[in-house]
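Notes follow the structure.
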Amino acid sequence: MTSRRLSVLLAALWLACCWAGCVTEGTTTATANPRIDAPSMSAQLRPGDTMLVSLLGIPEPITTNVQIDEQGLIRLQYIGAVTAAGLTTAELSQSIRDTYIAKKFYTTLDVSVSVTERYVYIGGEVQRPGRIPWSPDLTLAKAVQSAGGFTLYAKENKVTLTRDRKAYDFDVKLAQRQPNEDPLLFPGDSIQVPRSAF
């Protein structure tokens, strides 16, 4: 009788330890999201950026709305493709001016480039994947909200943010609860929301 009670007690103790271990593993959440630096080239133009290019100081000034394509190029009247990605707006202005003058379309010219829209990209388990217009106060949680929120199958605590070709995993539920854990986004950031196994 005593050995039977001891066996039952040991079995109960073992089950309690296993149950406590399972609960601890299943409910563990991140206490902090990663801290990542602003992109090294945040002032540089990227594919997807939309801008106004104004040619001034000529008899008939021209203003053109252009978007940088996936190859990093924009196309302008008379001179065709011009490399834009990787340059600042000042560098692009100078490049456009030099190209027009070198090709003898104009002898004197002022060029103004102003960015009108920049984007971040979100894919995976959100309601409306795609690009989201960037603003200086856009955070990871706000980007998910702008994409219509998570789908039913989203793995909300392991959302990948890619910046400067490096990937970081974030717990968006934590970011929603604690604003200081919600990172600011920068143009060109890419977010991928994985599908949960359950």
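The values are calculated or read from the model by the stated rules, or taken from the named source; none is laboratory data. Computed from a prediction, not measured in an experiment: that's the story for all the values here. Note: ideal-geometry Cβ built from the backbone for every residue, glycine included; neighbour counts use all protein chains shown.
One table, with the values for the structure above:
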read-out: Yes/no for VAL193 being surrounded by 15 or more Cβ atoms within 10 Å (Cβ to Cβ), among the hydrophobic types (A, V, I, L, M, F, W, C) and closer than 14 Å to PRO34 by Cα; value: no
read-out: Residue check, ASP137 crowded, with 20+ Cβ neighbours inside 10 Å, farther than 30 Å from GLY80 by Cβ and of a type in the set (Asp, Glu); value: no
read-out: Unique match (being assigned to a loop (DSSP other than H, G, I, E, B), out of contact with any Ser or Thr (no Cβ under 9 Å at 6 or more places or on another chain) and surrounded by 15 or more Cβ atoms within 10 Å (Cβ to Cβ)) among PRO59, PRO39, PRO34; value: PRO39
read-out: Wholly within segment 86-198, helices (runs of 4 or more DSSP H) carrying at least 2 residues that are modelled with pLDDT of 95 or more; value: 89-102, 140-146
read-out: Residues being among the charged types (D, E, K, R) and in a strand (DSSP E or B) - total across segment 62-85; value: 1
read-out: Only one of THR139, THR160 that is out of contact with any Phe, Trp or Tyr (no Cβ under 8 Å at 6 or more places or on another chain) and not aliphatic (A, V, I, L, M); value: THR139
read-out: Those residues of segment 136-167 which are of a type outside the set (Gly, Ala, Ser), over 22 Å from ARG35 (Cβ atoms) and in contact with a Lys or Arg (Cβ under 7 Å, 6 or more places away or on another chain), in sequence order; value: TYR153
